[in-house]
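Engineer: Questions regarding the structure given below will be posed in turn.
The values are calculated or read from the model by the stated rules, or taken from the named source; none is laboratory data. Since we're looking at a predicted model, the values are computed, not measured. Heads up, the Cβs are rebuilt from the backbone with ideal geometry, glycines too, and the neighbour counts pull from every protein chain shown.
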Amino acid sequence: MTGGSGDGAEQWDITSKIAGNLDRHLVFPLLEFLQTRGIYPEEDIMNSKIELLKHTNMVDFAMDIYRQINGTEDVPNEMTERRKVVIGNLRELQATAAPIVDFLLDENKVKDLRNDKAYNIKMLQDQYNISQDDIEVLFKFAKFQFECGNYSACADFLVQYRGLCTKLETSFSALWGKFASEILLQNWNEALEDLNKLQEYIDSKSFTSALAQLQQRIWLIHWSLFVFFNHENGMNFLVDMLVQDRYINAIQTGAPHMLRYLAAAIIINKKRRNLLKELIKLVKSERYVYSDPVTEFIVCLFVDYDFEGAQKKLKECETVLANDYFLTACVDDFVENARLFIFETYCRIHETIDMKMLANKLNMDQESAEKWIANLIRNARLNAKIDSQQGTVVMGSQQPGVYEQIVEKTKSLTARTYHLSNAVIGSGKINA
Amino acid sequence: MASRFFARGSSSEDDTETESESEEYSTTEETSSESESETESSSESENEKSGVNRFLVSDSDSDSDSEDNRRVLRSAKDKRVEELSTIVEEIRNKLKINDWVGVGTNFDKLNKQLDKIRRAGNLTKTPKIYVKALVEMEDALAAALANKEAKKSMSKSNAKALNAMKQNLKKNNKDYEAEIKARRDAGDEDDSDEDTDSDSYDESDVEAEAEDDGFEKVKSKQEKKKVPFTQMDPKDITYGMVMKKSHELMLARGRKGTDKRDQAKTMEFAVKVAKTESQRAQMTLNLISAFFDMASALHTHLPIPIWNRACASILDVLALLERCPYVTVDETFEQDYSEEQEGPEEGAAVTVAGNLIGCLERLDDEWFKSLQVIDPHTEDYVDRLKDELVILAVAQKVSNYFAKTAQHSVVARIALRQVEHLYFKTEAVYKAMRALAEIKKKEAASAEPAAEPEAKAAAAVELEEEEIVPVALPADFTMEEDPHALMKDLVHFIYKNADERTKARAMLCDIYHKSIHNDFYTARDLLLMSHLQDAVLNMDIATQLLFNRTMAQIGLCAFRKGLIPDAHHCLSELYASGRIREILAQGVLLRYHDRTPEQEKLEKRRQMPFHMHINLELLESVNLISAMLLETIHLVNINTETRRRVSKSFWRLVEHYDKLTFMGPPENVRDHVMTGTYALSQGDWKRCAEVISKLGVWDLLPQKAEVLEMLTSKIKEEALRIYVTTFGPHYSSIAVDQLCKMFDVSENTVQTIVSRLIISEDIHGSWHQPTQTIVMRSSSSNTTKLQKLALRCVSSAQILVESNEKALALRTGSLREREDGGGKGKGRGDWEGRDGKQGRGRKWNPHGKATGGYRDRKGQRGDRGDRGDRRDRKGHHHRRDHGHQDVAYSSFQRRKQEGPREMATLSKRRN
């Protein structure tokens, strides 16, 4: 995927990095998105789509695309061959999976199932002559359905399968499958549930090697992006998940490009400002492996205090975000919040700021800038005043007086000493 | 009883003996007179004074008239002859009554006496009487041994003495073989020196320690047999014979009194006469071990000519193995050494016993040892270094051999050896080595066809000559073009196939290699992710040393890259121990006198050869300069508490220099850095940069210009920081332009640095944006002394409460863990500026396993603000102790066996 127009957008495009950690089917939306953005030549995208579909069972879809590209009605032989094979496989699987599928399709029978796995298996065996193997076939069948793009069927089957299966390994795979299906069906709530289940599972499960566990985590991070950026409270969940040590480790070792999403989420999410410091360190330490306008923005603003640079980066961020499948929806939020950050930091180190200049920097005319600042002062409880005659913002002294300092420092001492003495006496009593 | 008496000492017996001698003199007259004439001729050349018997020394000194002197001379000669003949007579008597105990003692005496005579003057010829006695004894011995019945009836001690005598005499007679033969030829019947004794290795083993006097070079019985063997016509030798001989040789290995040279010689002959290829392989392998046996002790290296020979032999074996794929070498294989066997058919699969990898490792070790000993400034050293190619060639071949049989763990072992030869070489050195290899190969190729057969034959003969025959590099030796690729291949192979220690070593070598090639981040990540920092404390000393060296290289690499805090972090740990030479294995300190010689020897054996040394001056410069850049700001701001200090050694140095009344112009590294520090503390970056760049060590860096440039810019920034914090309070406002001019930096840099200081509240001021000035809020003017004291009191109180809490927490587990977490926001904001390691701290633990204390502490860095900070310093201390332990541990290991006293000193030092 080279060439194409776009204003440096493809330079920061990390789709290919992300795609490597996604399921084929999940990559598809990304490609669709890229197509609409038009940073890459149409043909390239189409070709990669076909490439993508080659290994799935969505043969008809691939044929369509092929026709679209080449403008002919003919399709290459291999595709038709493949089609035959797929259909053959489908028939075969359908036949073998028939008993269990029939059973599951019959609602009355399904009612007989209980919450007890052992009982269910025994019951199936006794009453319907459905053996363990048949259940395993169900898994295969679901997988096949997924490959064919029949996600809802797949999800249904997998739910049932997980209710019946006994093997941990396949149950785990099934969960991944279900997660993928839910994502593709855009059932974000269910997907979130699955995500949490998976997370729990990965963290608790003792993997044979730490490496495998790491890989699972990296996948999970990537897949979860779909959920987080579509769920209403997703950003929060994203931050929650990624700031955990183990996920930070995973990001650092395997997927530094995820920093973009973490950074964006933290900037957008005002409540998570306390994590900013953490983020800065992370971004700084990973600068040598990964940097893009979003992370550079953070470095400029909080490490170098280079406001001009930050402003520039912010502009770049806009294009980057707009061309990012996941972040495209929150460009405005991001820009607004980033601006706020710039202003706040600016205020912290300045005593007097020229409003004209500020307006300039914030891309506003002076009057609206004044309003914006006034609002900010109110909201952020900044100790600042506007001197409208001189057209400046004057910051109040932030330095607390000696008196305040002492009060501040001694405030907690009493309580702490109290706790301390309590603890000492308490332990003494126990000893006595 | 008599024997006892005699044994007491040969110097004082004359007086008491003379009577008994005179009685017996008549009986021995013929022989002694005969011998007298002989010995006289030999003793004429004797120096008179030194020939004087000790008893008479005083006489000859006091009266010096010539007559007397003459008399004395005669008497001395007489005495000597008398003594000899007396002893010989005694022996004869003892022989007659078959008293072998007596014979043995007298024989010892005889030898002593002879030795004395010899010491007294330059005796050119053995006294005839002595030779005669030997012959007689030999005969009697043969008779006694032949007479089995008599032997049986002997008393136990007597029989034992007989056996001892047999051994002694044999050894002794070796030296006089010619004389004895002459004597026999001349007078007595030709008594051929047949092998009277059956194979009695075990006996000889028990009794071999009997010889203790000056005649060390006595040869054991086996030698005697071999001499004819080596002179045999190769055509007469059968497969089985060769096997048997080599087996005998092997059994004699390591025995006292075995002449290793002879062994090797015989073995070489065996190689020459070997009947089949497999036998040749076997013999060559045996020969190699014989060569290796010639190293006299563990701490001395194998003589270089022998090393060369051994190396050539190994190459021979390898070539043979290549030529004859049906021959395999197996370490555990038991070779059949019976004499009767026939050689296997040519081409049939044969196994020979031998340890190729052992040979390789030994070869490598000996090479390493020799480099430790050779003076690095001589041509010899360089020549020796060139042999590294041969080792690599051998390693490659051995590795190929084992790779064919898919013995991956062995190949990994070899790979580690190869890696250890490569890791410390920069790309330039590697290229040079490769070029040398090409040249050598050409040389070898041109020389080989002409001189091969003769050279080999010659080599076999001239073992005695200490001439260095360089080993020709095999023609099929290839060196990879790219050292990185080569390293990568080897190291990855090791990761896949080797045990933990090999892996760890390979990893360290890899990191080292990456560091010297300026790949800092990869090197660091490798180090952190591999958890080597924790594991290394439990590893062997050699690996710990390698770890220390790797840390040093990472530090240097970070410095070259301008990552001062990282550089300092790596190096200060090493320097904290105060024994940098020792922990880098680049020299032994004599400071600890409590080491036993063995410990010292051990330590010496661990030393790195010169070409692998890390330049200590450079290391020290980098360490001190990094400390300077990090610490000067704290030096200047007296009010920053001690907690911010990072480098203890730097502070010690500062304190030391503070005490000096007069500071001369800088001479060594420390002087330079200290002068720089003082300049920097005044904000005088020009002077500082000038002094620092005068250091000679920068010439050692290939990227000198860049490094100096980096240093200058760092110094500028630091000077700016220092200037603003120190002198800022004296200003009411400072213009950015002025700062730019003063420190020759861009406006942006000033902005960044000052903003950072404002945010971290290191200066009390803020920007006045319209005029581009910094407005200082002078805090000192409106705080009274009382207020200052109150502030100090409060912080003391805080510390008190904290330490109380900590003390309690120690007892009860974690008391206020939660509040520690809650205290997050409290910290001062300057963490980002000063400490980039937080993220890394996390990375130490990529897989979420339980972490070691150090990493945890690191990880918490910055979360905790003030309190965390102090605690973190604790972490530093702790870690530094660890650094010390790296070495302390090694000495600890050594000391372990030494008992409580040593332990006590150790713990004292630790404290």
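Engineer: Just checking, does segment B:456-476 include any residue being at pLDDT 65 or above and over 21 Å from B:VAL317 (Cβ atoms)?
Structural biologist: no
Engineer: Now a separate question. Kindly establish whether B:SER755 is buried (at least 17 other Cβ atoms within 10 Å of the Cβ) and either in contact (Cβ under 8 Å) with a residue 24 or more places away in the chain or not aliphatic (A, V, I, L, M) (or both).
Structural biologist: Numbers: buried (at least 17 other Cβ atoms within 10 Å of the Cβ): yes; either in contact (Cβ under 8 Å) with a residue 24 or more places away in the chain or not aliphatic (A, V, I, L, M) (or both): yes.
Considered against the rule, which asks whether it is buried (at least 17 other Cβ atoms within 10 Å of the Cβ) and either in contact (Cβ under 8 Å) with a residue 24 or more places away in the chain or not aliphatic (A, V, I, L, M) (or both), B:SER755 comes out as yes.
Engineer: May I ask you to say which residue of A:ASP203, A:ASP194, A:ASP156 is within 14 Å of chain B (Cβ to nearest Cβ) and assigned to a helix (DSSP H, G or I)?
Structural biologist: The unique qualifying residue is A:ASP203.
Engineer: Sort through B:LEU546, B:LEU571 and tell me the only one that's assigned to a helix (DSSP H, G or I), under 21 Å from B:PHE610 (Cβ atoms), among the aliphatic types (A, V, I, L, M) and in contact with a helix residue (DSSP H, G or I) (Cβ under 7 Å, 6 or more places away or on another chain). Steps first, answer last, please.
Structural biologist: Details: B:LEU571 fails: under 21 Å from B:PHE610 (Cβ atoms).
Answer to the check: B:LEU546.
Engineer: Then there is this: Return yes when B:THR640 is surrounded by 14 or more Cβ atoms within 10 Å (Cβ to Cβ), modelled with pLDDT under 85 and not assigned by TED's automatic domain parsing to the domain that holds B:TYR430 and no when it is not. Please lay out each step first, then the result.
Structural biologist: Working: surrounded by 14 or more Cβ atoms within 10 Å (Cβ to Cβ): yes; modelled with pLDDT under 85: yes; not assigned by TED's automatic domain parsing to the domain that holds B:TYR430: yes.
So B:THR640 fits the description; yes.
Engineer: Just to be sure I understand the filter: pairs with C-beta atoms under 6 Å, separated by 6 or more residues or on different chains, first member in segment A:71-84 and of a type in the set (Val, Ile, Thr), second member part of a helix (DSSP H, G or I). Which pairs pass?
Structural biologist: Close Cβ pairs satisfying both conditions: A:VAL75/A:MET63; A:VAL75/A:TYR66.
Engineer: Could you say whether any residue in segment B:793-811 is closer than 30 Å to A:ASP354 by Cβ, of a type outside the set (Lys, Arg) and facing chain A (nearest Cβ under 9 Å)? Reasoning before the result, please.
Structural biologist: Our first condition is that a residue be closer than 30 Å to A:ASP354 by Cβ; within segment B:793-811, this holds for none.
Scanning segment B:793-811 turns up no residue that is closer than 30 Å to A:ASP354 by Cβ, of a type outside the set (Lys, Arg) and facing chain A (nearest Cβ under 9 Å).
Engineer: For residues that are more than 7 Å from every other protein chain (Cβ to nearest Cβ), within 19 Å of the chain's Cα centre (by Cα) and assigned to a helix (DSSP H, G or I), tally how many sit in segment A:275-311.
Structural biologist: Matching residues across segment A:275-311 total 8.
Engineer: Anything in segment A:335-363 that is part of a helix (DSSP H, G or I) and away from chain B (no Cβ under 11 Å)? List them, or say none.
Structural biologist: Those that are part of a helix (DSSP H, G or I) and away from chain B (no Cβ under 11 Å): A:VAL335, A:GLU336, A:ASN337, A:ALA338, A:ARG339, A:LEU340, A:PHE341, A:ILE342, A:PHE343, A:GLU344, A:ALA359, A:ASN360.
Engineer: Based on what the data block shows, is A:ARG260 part of a helix (DSSP H, G or I), more than 14 Å from chain B (Cβ to nearest Cβ) and at negative phi? Explain how you work it out, then say what you get.
Structural biologist: On the way: part of a helix (DSSP H, G or I): yes; more than 14 Å from chain B (Cβ to nearest Cβ): yes; at negative phi: yes.
Here the answer is yes, as A:ARG260 does meet what is asked.
Engineer: Would you pick out the residues in segment B:708-726 that are modelled with pLDDT under 90 and either among the polar types (S, T, N, Q) or more than 20 Å from B:VAL636 (Cα to Cα) (or both)?
Structural biologist: Passing the criteria: B:THR725, B:THR726.
Engineer: Within the group B:ALA523, B:ALA552, which residue is within 18 Å of B:TYR423 (Cα to Cα) and free of Cβ contacts under 8 Å to residues at least 40 places away in the same chain?
Structural biologist: On the way: B:ALA552 fails: free of Cβ contacts under 8 Å to residues at least 40 places away in the same chain.
None of the others qualify; the one that does is B:ALA523.
Engineer: Sticking with this one: Looking at segment A:288-307 only, could you name the residues that are touching a residue at least 40 places away in the same chain (Cβ under 8 Å) and of a type in the set (D, E, K, R)?
Structural biologist: Here is the first cut: in segment A:288-307, the residues touching a residue at least 40 places away in the same chain (Cβ under 8 Å) are A:292-293, A:297, A:301-302, A:305, A:307.
Matches in segment A:288-307: A:ASP292 only.
Engineer: Output yes when any residue across segment A:364-371 is under 23 Å from B:VAL754 (Cβ atoms), touching a Gly at 6+ places or on another chain (Cβ under 8 Å) and not in a loop (DSSP other than H, G, I, E, B), and no when none is.
Structural biologist: Going through segment A:364-371, the residues under 23 Å from B:VAL754 (Cβ atoms) turn out to be none.
No, every residue in segment A:364-371 fails to be under 23 Å from B:VAL754 (Cβ atoms), touching a Gly at 6+ places or on another chain (Cβ under 8 Å) and not in a loop (DSSP other than H, G, I, E, B).
Engineer: Now, a different point. Quick check on segment A:373-387. Is at least one of its residues at the interface with chain B (Cβ under 9 Å from one of its Cβ atoms) and at pLDDT 80 or above?
Structural biologist: Of segment A:373-387, the ones at the interface with chain B (Cβ under 9 Å from one of its Cβ atoms) are none.
No: segment A:373-387 contains no residue that is at the interface with chain B (Cβ under 9 Å from one of its Cβ atoms) and at pLDDT 80 or above.
Engineer: Here is a further query. Find the strands (runs of 3 or more DSSP E) located wholly in segment B:702-808 whose residues include 3 or more that are under 21 Å from B:GLN682 (Cα atoms), and list them.
Structural biologist: Working: elements: B:733-735, B:765-768, B:773-776.
The strands (runs of 3 or more DSSP E) meeting that bar are B:733-735.
Engineer: Further question on the same structure: Does B:GLY683 satisfy the criteria of being buried (at least 17 other Cβ atoms within 10 Å of the Cβ) and among the small types (Gly, Ala, Ser)? Even if it seems obvious, please write down each step before you answer.
Structural biologist: Working: buried (at least 17 other Cβ atoms within 10 Å of the Cβ): yes; among the small types (Gly, Ala, Ser): yes.
Against the criterion (buried (at least 17 other Cβ atoms within 10 Å of the Cβ) and among the small types (Gly, Ala, Ser)), B:GLY683 qualifies.
Engineer: Is there any pair linking a residue in segment A:406-424 that is more than 9 Å from chain B (Cβ to nearest Cβ) and more than 16 Å from B:SER796 (Cβ to Cβ) to one that is at pLDDT below 85 and part of a helix (DSSP H, G or I), with Cβ under 7 Å and at least six apart or on different chains, and which?
Structural biologist: Taking only residues 6 or more apart or on different chains, not a single pair turns up.
Engineer: Every residue in segment B:406-415 that is among the aliphatic types (A, V, I, L, M), more than 21 Å from B:ASP519 (Cβ to Cβ) and crowded, with 18+ Cβ neighbours inside 10 Å, please. Break it down stepwise before answering.
Structural biologist: Going residue by residue through segment B:406-415, those that are among the aliphatic types (A, V, I, L, M) are B:406, B:410-412, B:414-415.
Retained after the next criterion (residues that are more than 21 Å from B:ASP519 (Cβ to Cβ)): B:406, B:410-412, B:414.
Correct list: B:VAL410, B:VAL411, B:ALA412, B:ILE414.
Engineer: Has segment B:258-268 got at least one residue that is over 18 Å from B:ALA312 (Cα atoms), of a type outside the set (Ser, Thr, Tyr) and modelled with pLDDT under 70? So that I can check it myself, show each step before the final result.
Structural biologist: Quick first cut of segment B:258-268, residues over 18 Å from B:ALA312 (Cα atoms) only: B:258-260, B:262.
Within this subset, residues satisfying the condition of being of a type outside the set (Ser, Thr, Tyr) are B:259-260, B:262.
Still in the list and also modelled with pLDDT under 70: B:259-260.
Looking for residues that are over 18 Å from B:ALA312 (Cα atoms), of a type outside the set (Ser, Thr, Tyr) and modelled with pLDDT under 70, one finds at least one in segment B:258-268, hence yes.
Engineer: Also: Give me the residue from segment B:704-735 that is surrounded by fewer than 18 Cβ atoms within 10 Å (Cβ to Cβ) and within 14 Å of chain A (Cβ to nearest Cβ) and, out of that set, nearest to the chain's Cα centre (by Cα).
Structural biologist: Result: B:PRO729.
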